[in-house]
1. When only DSSP loop residues count, what chymotrypsin sites (Phe, Trp or Tyr not before Pro) in the range 1-59 have their Cβ near at most 14 other Cβ atoms within 10 Å?
2. From Cα pairs below 8 angstrom and at least 6 apart in sequence, can you work out the relative contact order of the chain, rounded to a whole percent?
3. By a straight-distance test (C-alpha under 22 Å), which lysines pair with residue 4 as possible cross-link partners, with residues fewer than eight away in the same chain excluded?
4. How many Å² of accessible area per residue for the chain, probe 1.4 Å?
5. Which residue, chosen from 11, 61, 44, occupies the Cα position most advanced towards the positive end of the dipole of the chain, where the dipole is computed from +1 (Lys, Arg) and -1 (Asp, Glu) charges on Cβ about the Cα centre?
6. Quick check: residue separation of residue 63 and residue 28 times 0.36 nm, minus the Cα distance between them. What number comes out in nm?
7. Under unit Cβ charges (Lys, Arg +1; Asp, Glu -1), what dipole magnitude, rounded to 20 debye, does the range 1-67 have relative to its Cα centre?
8. Find, among the trypsin sites (Lys or Arg not before Pro) in the chain, those assigned to loop by DSSP (not H, G, I, E, B) with at most 12 other beta-carbon atoms within 10 angstrom.
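The values are calculated or read from the model by the stated rules, or taken from the named source; none is laboratory data. Model, not experiment: these values are computed from the prediction. Heads up, the Cβs are rebuilt from the backbone with ideal geometry, glycines too, and the neighbour counts pull from every protein chain shown. The area values use the complete protein model at the heavy-atom level, side chains included, leaving out ligands, DNA and RNA. Shrake-Rupley method; radii C 1.70, N 1.55, O 1.52, S 1.80 Å.
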Amino acid sequence: MALKFEDVIPIRHNGTWLVIGSVQEIRIEEQLIKADGFAAIEEAGSLCSLGLDAYYKASLLQRLPYAKP
């Protein structure tokens, strides 16, 4: 994955920063992209992170109908 730095916003409340970036490129095996464009990341054995010290395995719970305006 390639990211581009966009901005940093200081959060005075707790002395941290919100770092904003934009995704420039994603590399994923073709068989993980389904016919409708859905990326089945759980099939890739992906790891998810929350905060600084928590890690999870990705698992699909449910796909919902696409919200249309």
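1. Counting only loop positions with at most 14 other Cβ atoms within 10 Å, the chymotrypsin sites (Phe, Trp or Tyr not before Pro) in the range 1-59 are 38.
2. 20
3. none
4. 97
5. Ranked along the dipole, the leading option is 11.
6. 10.6 nm
7. 200
8. The qualifying sites are 12, 27, 34, 63.
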